[in-house]
Amino acid sequence: MQQLSKRSPLLSLPGAVPAEGMDEGVAAHYGDLFREQRALADGTGFVDLSHRGVVTVSGDDRLSWLHLLLTQHVSELPAGQATEALILSAHGHIEHALYLVDDGETVWAHVEPGTQDALIAYLESMKFFYRVEVADRTDEFAVVHLPAGSIAEVPDGVVVRETAHGRDLFLPRAQLESYAERSGPAAGILAYEALRVEAHRPRLGFETDHRTIPHELGWIGTAVHLQKGCYRGQETVARVQNLGKPPRRLVFLHLDGSEVHLPPHGADIRLADDGPDGRKIGFVTTSVRHHELGPIALALVKRNVPVDARLIADTTAAAQEVVVEP
């Protein structure tokens with residue numbers, strides 16, 4: 001995925017270290033990774049997610065139209081209720097992940113950095129006669145995350161997407177710096193990612209590749225509604241749900257804390273009993289350092305890998321916890 005986001009003005013805050021790769025444009029951390037994690041876990045501070053894309057859909061038919069395209073049931077989505085949804089290929093592979101809320105007049109969604117252009121192109125191609133308007137609002141609005149339990153203020157008129165994991169604010173980009181001044185301490189994307197991995201929450205472009213299907217990541221239920229059809233890729237979802245099993249499954253890894261380096265995204269996973277030259281049975285998707293759990297990771301492994309098997313992630317010993325049942 002190509003990163004097309006702007007450089008955040010909050011990179012000028014004291015101690016800010018720029019993130020790399022998909023999260024380029026915001027801070028990886030502000031000088032103390034574990035302190036930032038603890039602050040978020042305690043419900044204080046905020047995370048600058050202004051590199052993410054912001055897309056809106058307005059018009060009288062917005063919910064009924066999106067219902068035909070998304071994996072989630074949104075035709076009667078109440079105003080203010082957050083949800084998440086996927087767009088699949090014709091073969092059921094995940095192409096887009098949307099984190100959305102309707103404010104009563106407009107659906108607001110934030111998406112992975114650099115994916116908004118392709119998403120909008122697809123949505124525009126599916127408008128036909130429906131009364132909808134699709135817009136890229138990334139230049140106007142920045143996403144700011146407040147952790148669960150936060151009592152930080154939300155400016156009047158700002159659209160909020162609230163879940164069990166916290167609140168995502170669609171903040172006017174011009175207010176980003178002034179909001180940060182009164183809502184600190186700032187936490188970097190690495191702290192946010194550590195808590196995401198701890199919660200076993202998948203992310204497009206990290207836990208997915210070109211052939212990932214929703215069942216493999218546990219996105220059934222949270223982003224896929226099994227009692228609706230009429231969307232691209234639904235046949236694959238129904239077939240796996242009713243007749244088959246996904247070829248891979250998401251696992252949570254406890255990594256050997258004596259290792260200095262974390263296994264990178266895409267690093268091979270092998271069975272420990274097979275040695276370093278054993279066959280590849282999966283790959284690391286996200287690895288992080290957690291303030292309490294130490295080095296941890298998410299990974300995709302073949303479905304038939306025993307749940308108690310000892311693994312090697314790159315060169316690091318790993319013990320697995322089940323996220324998606326085999």
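The values are calculated or read from the model by the stated rules, or taken from the named source; none is laboratory data. A quick note: this is a predicted structure, and the numbers were derived from the prediction, not measured. A quick note on method: Cβ atoms are made from the backbone with ideal geometry, for glycine too, and the neighbour counts reach across all protein chains shown. What goes into the accessible areas is simple: the full protein's heavy atoms, side chains included, and nothing from ligands, DNA or RNA. Shrake-Rupley method; radii C 1.70, N 1.55, O 1.52, S 1.80 Å.
The dipole here belongs to the chain: it is taken about the Cα centre, uses +1 on the Cβ of Lys and Arg and -1 on the Cβ of Asp and Glu, and is about 800 debye.
For Val260 and Val322, a Förster radius of 30 Å and the Cβ-Cβ distance give a FRET efficiency of 0.60, rounded to the nearest 0.05. Note that segment 305-320 has calculated 3J(HN,Hα) couplings of 5, x, 5, 9, 5, 7, 10, 10, 9, 6, 10, 9, 5, 9, 10, 9 Hz, one per residue in order, obtained from phi through the Karplus relation 6.51 cos²θ - 1.76 cosθ + 1.60 (θ = phi - 60°); glycine and proline are x. Using C-alpha pairs below 8 Å separated by at least 6 residues, the relative contact order for the chain is 19 percent.
About the centre of its Cα atoms, segment 247-325 shows a dipole size close to 340 debye [charges on the beta carbon of Lys, Arg (+1) and Asp, Glu (-1) only; nearest 20 debye]. For a straight C-alpha distance cut-off of 22 angstrom, the lysines reachable from Lys280 (same-chain residues fewer than eight places away being disregarded) are Lys245, Lys302. What is segment 170-326 by shape, rounded, prolate or oblate, if you read a ≥ b ≥ c off the alpha carbon gyration tensor as root eigenvalues and call it rounded for a/c under 1.5, prolate for a/b larger than b/c, and oblate otherwise? Because a/c hits 1.5 or more and a/b fails to exceed b/c, segment 170-326 counts as oblate.
With all pairs of different C-alpha atoms in the average, the Kirkwood value for the hydrodynamic radius of segment 108-211 is 15.9 Å. The translational diffusion coefficient of segment 1-112, from Stokes-Einstein at 4 °C and 1.567 mPa s with a Kirkwood hydrodynamic radius over alpha carbon pairs, comes to 80 µm²/s. Per residue, the chain reaches -5000 deg cm²/dmol at 222 nm when only DSSP H runs of four or more residues are counted, each adding -39500 (n - 2.57). Report, in whole Å, the centroid distance computed from the Cα atoms of segment 1-61 and segment 257-281. Computed from Cα coordinates, the inter-centre distance equals 30 Å.
Largest accessible area first, the residues Met126, Met22 order themselves as Met126, Met22 under a 1.4 Å probe with ligands, DNA and RNA left out. Taking Lys and Arg as +1 and Asp and Glu as -1, the other residues whose beta-carbon sits under 11 Å from that of Leu88 total -1. In this Cβ point-charge picture (+1 for Lys and Arg, -1 for Asp and Glu), segment 136-194 has a dipole of about 140 debye about its Cα centre. Largest first, the residues His210, His265, His96 sort by 1.4 Å accessible area into His210, His265, His96. If I take all pairs of Cα atoms in segment 247-325, what percentage of them are more than 14 Å from each other? The proportion of pairs with Cα distances above 14 Å equals 53 percent.
State whether segment 53-136 is rounded, prolate or oblate according to the following rule on the C-alpha gyration tensor (a ≥ b ≥ c being the square roots of its eigenvalues): a/c under 1.5 gives rounded; otherwise a/b larger than b/c gives prolate, and the remaining case gives oblate. Cα axes put segment 53-136 in the rounded bin.
Between the residues Ala27, Ala148, Leu86, the greatest Cα displacement towards the positive end of the dipole of segment 1-151, with unit charges on the Cβ of Lys, Arg, Asp and Glu, is found for Ala27.
What does the C-alpha gyration tensor say about the overall shape of the chain? Classify as rounded when a/c is under 1.5, otherwise prolate if a/b is larger than b/c, or oblate. Taking the square roots of the gyration eigenvalues as a ≥ b ≥ c, the chain is oblate. So the label point goes 7 Å from the Cα of Ser12 along Cα→C-beta, right? Which residues of segment 150-192 then have their backbone N under 16 Å from it? Correct set: 173-182. Of the heavy-atom accessible surface of segment 247-325 (probe 1.4 angstrom), what whole percent is carbon and sulfur? Reported share for carbon and sulfur atoms: 49 percent.
Of the beta bridges in the chain, as assigned by DSSP with both residues counted there, near 95 percent are antiparallel. Rolling a 1.4 Å probe over the protein heavy atoms gives the chain an accessible area of 44 Å² per residue.
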